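**Q** Handing you a structure now.
The values are calculated or read from the model by the stated rules, or taken from the named source; none is laboratory data. What you see is a predicted model; the values in this text were computed from it and never measured. Neighbour counts run over all protein chains shown; Cβ positions are idealised from the backbone, glycine included. When the accessible area is computed, the model is the full protein with side chains, heavy atoms only, and any ligands, DNA or RNA have been set aside. Shrake-Rupley method; radii C 1.70, N 1.55, O 1.52, S 1.80 Å.
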Amino acid sequence: MKKIIWATTLSISFLLFVLPGILASTLDMVPANDQPGYNGSKRLSIYGERQFSQKFISRDKNLTAIGTSIKNPNLKNKQEIIFNLYGKDKVLIRTAALNGFNIGDGDFVKFVFQSVPDSGGKEYSFTISSPAAGPGEMLEVFIIEPTPDIIDYFYEEETHPGGIPLVTFHKPNSKLELIKTVYFNWFSRLLSPGSQKI
Amino acid sequence: MKNNKLKILILAIVLRVLVAGFLFHPDIKTYNFQASFLKKGVINIYSYLKENKSTLPLKDEFVYFPLTYFVVGGYQTLVSGLLGSGFDSWLSDAGSNSVVKNAGIFKYLTVLKLPYLFLDILVAFLLMKYFKDKKMGEKVAAIWLFNPFTIVLIYVYSNIDMYAVLLTLAAFLYVKRNKLLQASMFLGIASCFKLYPMLFIPFLFLKGKDLKEKISVCLIPIFILGIVVAPFWSPAFVQSALVSGLTTRIFSPGFTIGFGESIIVGLFLLSALFFYGWLFDKEVDLFNYWVMFLLLIFSFSHFHIVWLLWVAPFIVILAVKKPSLSLPLFLWASLAMAIPLFYQDRSMTISLFRVYTTWYDLLPTPFVVLQKFFDPYNFQSIVHSTLAGGTLVMAYKIFKKEGGE
């Protein structure tokens, strides 16, 4: 019986205290924020020459991906979708490409690129386009009001405040730091004053 | 010695409380949100949810039977002081991230899962009662309290089936004492939580002494279920609870025999066991039939992981009754637990850890990881086939008359 008690105690302890760390160690990137809410009433279409461009501020260093929700109505778009990231003075610094074939209607889509090391607090802009798509293969992005990170967007020769509800992803400095952050955040919520008060 | 037992019990409770507070399956929030309407005086939850769907933050139907609503809702009312003022807004929060980032989640999960702890300990107590031999009784309770399978099934997946499991086990203890009427009453009450205990009724029929008792033990559970369900009978109840995917999955068609007809594997196996007991078995031992039927159901149908709890107490009894089966049963349980972990459903695996961090949303499920080098459906089929093969051999071993053991 002792063996069973030990084995169960160890396996449950592993599940609760070790496995979360192992899972954290497999993360290649972490989001800087939750995706801002959007109601879907305001959308812009992307196809052919009609591309979308937006300015934003990267919250952290090692920017390595931009994620947002994209509509692919009736899953018609099976063309290439190109994401270009621009730095200061509109210099192209990163490019990522996806295929519409892999994008469901309303999916959260990540454009992943090689990390930009000193991106913390800096302003960038990006474009999303699907040049080979016709009007029947358009993609749609959602538009929200400006936030401290989402500045303005450029669409059909006009600039407007706000942009798409994006999430920036950043490469962690080290795996150990990442694991420590996960456990620290977990404990700090667990021990936050008054939260577990009965 | 007594002190030692107390320490072991405390350890069992501590492990359970930790799992309850740290791992989160979203079902517990969904059915507690629905049951919270009892505090507001809603009696018929089925039609209430249907009529108010457009204005409610969570749109799911209540897929459980009426007693579940009243017991969960009643408990919530009882402990509302412990849960605090932020609890109701947490329940109605539809944001997947804000729900797990709420610092109160540890307390909410622990308090909401406390009834399971009580039922769990009660199951251990009933299992002890099964054996006259004190040592065997202690062994069966220890195996129940210290196996990772039931801890995960009950506290990780927030298993509402625990109520039906306890009542079914109580029914079985009455069967063992040849008190079939009481057993059928317990099965009836259990069915008011979840429909599966009804599947044991044909075997109670086999055990009845005479025709009068045979008919009584079949009618009593149906009558109890009928009384509880009748006030709620409506299209909303039928659609949400009675013919929900969970209730009917066992009886989904297996293989076609042409012209629109199919053989339903679950029903086929139930029928085969019933006729075997009727025509061949002179001394029907209901334990064998109940455990065998459940093992067969899991071997030949696509099951939800929480259903495995139905068979867990019987497997533990079997492992103590027939020690030579304990390792094969451990393997069987491991295979059975492994299959749902490879379903394409995040809440079976990665999402359970979202209380630690929502960053885990970026991780692939075991299904996706496996997909990179092997077909996950093929893998599930391989494991399920192995499970089915093992079940058939164990069936032979279980039904083989004593002597070899």
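**Q** Tell me, what is the 1.4 Å probe accessible area of B:Met348, in Å² to the nearest 10?
**A** 10
**Q** What accessible area per residue, rounded to a whole number of Å², is obtained for the range B:1-49 using a probe radius of 1.4 Å?
**A** Numbers: 2170 Å² over 49 residues.
With all protein chains present, the range B:1-49 gives 44 Å² per residue.
**Q** Still on this structure, I have one more. Could you please report the charge total around B:Gln239, scoring K, R as +1 and D, E as -1 over all other residues with beta-carbon less than 10 angstrom from its beta-carbon?
**A** Details: positive: B:Lys50; negative: B:Glu61.
Around B:Gln239, the surrounding residues sum to 0.
**Q** For the pair B:Leu279 and B:Gln371, what calculated FRET efficiency results from E = 1/(1 + (r/R0)^6), where r is the Cβ-Cβ distance and R0 = 56 Å, to the nearest 0.05?
**A** Numbers: r = 47 Å, r/R0 = 0.84.
Result of the calculation: an efficiency of 0.75.
**Q** Quickly work out the A:Leu75-to-A:Ile5 label distance, labels modelled 7 Å from Cα along the C-beta direction, and quote it in nm with one decimal.
**A** Here the modelled spin labels are 5.5 nm apart.
**Q** Continuing with this model, one more query. If contacts are Cα pairs under 8 angstrom and at least 6 residues apart, what is the relative contact order of the range B:260-405 in percent?
**A** On the way: 92 pairs, mean separation 36.1, N = 146.
Over the range B:260-405, the number comes to 25 percent.
**Q** Another question, then. Starting from the 7 Å offset along Cα-to-Cβ, what nm value, one decimal, do you get for the label separation of B:Lys134 and B:Thr256?
**A** Taking the two extended label points, one gets 6.3 nm.
**Q** R0 = 60 Å: FRET efficiency of B:Ser92 with B:Lys2, Cβ-based, nearest 0.05?
**A** Values: r = 47 Å, r/R0 = 0.78.
E between B:Ser92 and B:Lys2, to the nearest 0.05, is 0.80.
**Q** Taking Cα pairs under 8 Å and at least six residues apart, what relative contact order does chain B come out at, in percent? All intermediate terms of the calculation are to be shown ahead of the outcome.
**A** Numbers: 461 pairs, mean separation 72.2, N = 405.
Relative contact order of chain B: 18 percent.
**Q** Continuing with the same structure: Could you give the length gained by full extension between B:Lys212 and B:Leu242, i.e. 0.36 nm per residue of separation minus their alpha carbon distance, to one decimal place?
**A** Values: separation 30, 0.36 × 30 = 10.80 nm, distance 2.92 nm.
Taking 0.36 nm per residue and subtracting the Cα distance, the gain is 7.9 nm.
**Q** Where in the range B:356-370 does accessible area fall by at least 30 Å² between the isolated chain and the complete protein assembly, at a 1.4 Å probe radius?
**A** By number: B:Tyr356, B:Trp359, B:Tyr360, B:Leu362, B:Leu363.
**Q** Moving to a separate point now. Determine the shape class of the range A:87-189: with a ≥ b ≥ c the square roots of the Cα gyration tensor eigenvalues, call it rounded for a/c under 1.5, and otherwise prolate if a/b is greater than b/c, oblate otherwise.
**A** prolate
**Q** First check a/c for chain A, with a ≥ b ≥ c the square roots of the eigenvalues of its C-alpha gyration tensor; if it is under 1.5, answer rounded, and if not, answer prolate when a/b is larger than b/c or oblate otherwise. Mind showing how you got there, number by number?
**A** Values: a/c = 2.26, a/b = 1.94, b/c = 1.17.
In terms of gyration-tensor shape, prolate.
**Q** On the accessible surface of the protein assembly as shown, probed at 1.4 Å, how many percent belong to carbon and sulfur atoms?
**A** 64
**Q** Using only alpha carbon pairs under 8 Å that are at least six residues apart, calculate the relative contact order of the range A:37-159 and give it in whole percent.
**A** Relative contact order for the range A:37-159 comes out at 46 percent.
**Q** Continuing with the same structure: Just check chain B against the gyration tensor rule for me: Cα atoms, a ≥ b ≥ c as the square roots of the eigenvalues, rounded for a/c under 1.5, and otherwise prolate or oblate depending on whether a/b exceeds b/c. Please report the intermediate quantities before stating the final value.
**A** Working: a/c = 1.36, a/b = 1.30, b/c = 1.05.
Taking the square roots of the gyration eigenvalues as a ≥ b ≥ c, chain B is rounded.
**Q** How about B:Lys214: which lysines have a C-alpha closer than 19 Å to its C-alpha, ignoring those fewer than 8 places off in the same chain?
**A** The reachable lysines, counting only those whose Cα sits under 19 Å from B:Lys214, are B:Lys176, B:Lys179, B:Lys282.
**Q** From the backbone phi of the range B:117-123, what are the Karplus-calculated ³J(HN,Hα) couplings (6.51 cos²θ - 1.76 cosθ + 1.60, θ = phi - 60°) in whole Hz, Gly and Pro given as x?
**A** 4, 4, 5, 4, 5, 5, 4
**Q** Testing the spin-label approximation: label points 7 Å from Cα along Cα→Cβ at B:Leu173 and B:Ala230. State their distance in nm.
**A** Rounded to a tenth, the inter-label distance reads 3.1 nm.
**Q** Related question: If you line up the long axis of helix A:2-13 against the longest principal axis of chain A, both from Cα atoms, how many degrees apart are they, to the nearest 10?
**A** 30
**Q** Working out 0.36 nm times the residue gap between A:Ser41 and A:Lys122, then minus their Cα-Cα distance, what length gain in nm do you get to one decimal?
**A** Details: separation 81, 0.36 × 81 = 29.16 nm, distance 3.00 nm.
26.2 nm is the gain from fully extending A:Ser41 to A:Lys122.
**Q** Then there's this: Determine the per residue accessible area of the range B:131-259 with all protein chains present and a 1.4 angstrom probe, expressed in square angstrom.
**A** Details: 5610 Å² over 129 residues.
Ligands and nucleic acids excluded, the result is 43 Å² per residue.
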